[in-house]
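Structure first, then comments.
The values are calculated or read from the model by the stated rules, or taken from the named source; none is laboratory data. The shown structure was predicted, so the numbers you read here are calculated from the model rather than taken from an experiment. Positions of Cβ are generated from backbone atoms using ideal geometry, with glycine treated the same way; all protein chains shown enter the neighbour counts.
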Amino acid sequence: MKVCIYGAGAIGGYIGVMMKLAGADVSLVARGAHLEAINRDGLKLQIGGEEKVAKMPASKDPADLGPQDYVIVALKAHQAWESAEQMKPLLGPNTAVVTAQNGLPWWYFYGFEGQYANRRIESVDPGGRQWNAIGPERIIGCTVYPATEIIAPGVVKHISGDKFGLGEPNRKVTERATKLSEMMEKSGLKAPVMPEIRNDIWLKLWGNLCFNPISALTRATLDIVATEPGTRDLSRNMMLEAEKIGRRIGVHFRVDVEKRINGAARVGAHKTSMLQDLERGRPLELDALLTSVQELGRLAEVETPYIDAVLALTQQMGRSLGVYPTFPDAVINEAAEGAID
């Protein structure tokens with residue numbers, strides 16, 4: 001099984017080491033000092049009190065690695081959009097592409113029937129770049145639950161969690177999804193195949209869409225956001241708006257709002273990924289987590305005053321600090337002229 005991890009950062013590096021040590025033919029796309037360290041010393045994973053080291057081909061140029069059976073995209077959503085064209089050398093006739101990212105994925109409406117069939121989510125895929133360059137028929141959806149971080153070039157630290165939900169957009173349990181699940185399970189990861197991956201995507205998104213931007217605006221850790229009366233109430237109202245949107249487009253929520261917030265509170269004094277990015281001057285992953293939900297609200301004709309307000313504040317904060325990535329004007333204009341079909 002040939003597997004390329006496209007974006008061998010914290011999550012991608014964790015997957016790559018675990019799969020390589022279990023016998024998969026793994027290669028990595030990375031860059032900068034991280035890539036240099038991997039090529040010199042191998043990719044190191046600190047997990048369970050020990051350090052695992054895996055040596056495998058790594059390059060910043062996908063053309064060096066050739067066609068794969070699976071490409072696991074572990075970039076953030078805006079980075080994945082930027083990289084869609086460069087991914088092509090990895091794609092053979094039967095290559096599956098696994099979107100291991102937070103937020104609503106660009107392929108979300110692929111395989112839908114009725115009024116939402118094959119709609120494009122412009123806030124995460126302006127101009128349909130990923131839809132056209134990769135193709136939704138290649139996709140295996142993935143929800144990412146582990147917490148990991150890069151602590152030095154070439155060194156990834158595992159903090160908690162080992163689950164990755166997998167699922168086909170067409171709701172079928174396919175051979176390609178099953179084989180990937182079996183390989184990941186052999187690697188020591190939990191990777192159940194879910195007939196309805198969208199429900200799992202929404203369950204994780206439900207918390208991310210409120211806790212991430214509120215924590216970035218307030219600099220508060222997750223336990224405070226989820227328990228302080230004002231921020232908890234704001235989170236609840238944003239989640240209720242999102243739940244209404246989700247149910248209108250066919251999502252089933254297996255827990256209620258209060259249980260979801262309480263679960264976040266139990267995580268403790270954790271800095272959300274958006275707060276960590278803000279503190280490090282990195283671009284905010286806001287569009288996949290919140291702008292996309294606002295876009296679906298407009299599509300489903302659900303009013304979202306709380307989502308709108310928090311999104312506007314976070315966008316402006318990001319612009320003022322230079323950490324809110326914007327798409328090229330030409331692509332925005334193309335989308336606005338009716339690129340959705």
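Check D277 against each of (1) within 20 Å of the chain's Cα centre (by Cα); (2) among the charged types (D, E, K, R); (3) more than 17 Å from L311 (Cβ to Cβ); (4) buried (at least 19 other Cβ atoms within 10 Å of the Cβ) and name the one condition it does not meet.
All conditions pass for D277, except number (3).
Between a residue in the range 62-84 that is on the phi > 0 side of the Ramachandran plot and any residue that is small (G, A, S) and in a strand (DSSP E or B), which pairs come within a Cβ distance under 9 Å, given they are 6 or more apart or on different chains?
Hits for this filter: G66/S27; G66/G92.
State the number of residues belonging to the range 81-114 that are over 23 Å from R171 (Cβ atoms) and either among the hydroxyl-bearing types (S, T, Y) or out of contact with any Cys (no Cβ under 7 Å at 6 or more places or on another chain) (or both).
12
Considering (1) assigned to a helix (DSSP H, G or I); (2) surrounded by 21 or more Cβ atoms within 10 Å (Cβ to Cβ); (3) touching a residue at least 40 places away in the same chain (Cβ under 8 Å), say which one S235 fails and leave the rest.
Result: S235 fails condition (3) only.
Considering only residues of the range 280-329 that are among the polar types (S, T, N, Q), out of contact with any Ser or Thr (no Cβ under 7 Å at 6 or more places or on another chain) and crowded, with 20+ Cβ neighbours inside 10 Å, which is farthest from I151 (Cα to Cα)?
Among those residues, the one meeting the criterion is T304.
Limited to the range 219-232, what total is found for residues that are farther than 30 Å from E301 by Cα and in a helix (DSSP H, G or I)?
Qualifying residue count for the region: 4.
In the range 19-28, is there at least one residue being within 30 Å of L290 (Cβ to Cβ), of a type outside the set (D, E) and either assigned to a helix (DSSP H, G or I) or not assigned by TED's automatic domain parsing to the domain that holds I150 (or both)?
Scanning the range 19-28 turns up no residue that is within 30 Å of L290 (Cβ to Cβ), of a type outside the set (D, E) and either assigned to a helix (DSSP H, G or I) or not assigned by TED's automatic domain parsing to the domain that holds I150 (or both).
Out of all the residues in the range 239-292, which are within 18 Å of S123 (Cα to Cα), among the hydrophobic types (A, V, I, L, M, F, W, C) and in contact (Cβ under 8 Å) with a residue 60 or more places away in the chain?
Selection gives A242, I249, M274, L284, L286, A288, L289, L290.
In the range 148-173, what residues are surrounded by 16 or more Cβ atoms within 10 Å (Cβ to Cβ) and free of Cβ contacts under 8 Å to residues at least 60 places away in the same chain?
D162, G165, G167, E168
Filter the range 293-319 down to the residues that are touching a residue at least 40 places away in the same chain (Cβ under 8 Å), closer than 14 Å to C210 by Cβ and among the aliphatic types (A, V, I, L, M) and list them by number.
Across the range 293-319, the qualifying residues are V293, I307, V310, L311, L313.
Specify the residue that is modelled with the highest pLDDT; the eligible residues are those in the range 149-181 that are outside any loop (DSSP other than H, G, I, E, B), among the charged types (D, E, K, R) and closer than 17 Å to Q101 by Cα.
Only one residue fits best here, namely K163.
From N237, N208, N212, which residue is more than 21 Å from the chain's Cα centre (by Cα) and not assigned by TED's automatic domain parsing to the domain that holds F109?
N237 is the lone residue from the list that is more than 21 Å from the chain's Cα centre (by Cα) and not assigned by TED's automatic domain parsing to the domain that holds F109.
Using the structure shown, decide if W131 is among the aromatic types (F, W, Y), crowded, with 22+ Cβ neighbours inside 10 Å and closer than 21 Å to D287 by Cα.
In short, no.
Could you please find all residues in the range 182-200 being in a helix (DSSP H, G or I) and either farther than 14 Å from R260 by Cβ or modelled with pLDDT under 95 (or both)?
Across the range 182-200, the qualifying residues are E182, M183, M184, E185, K186, I197, R198.
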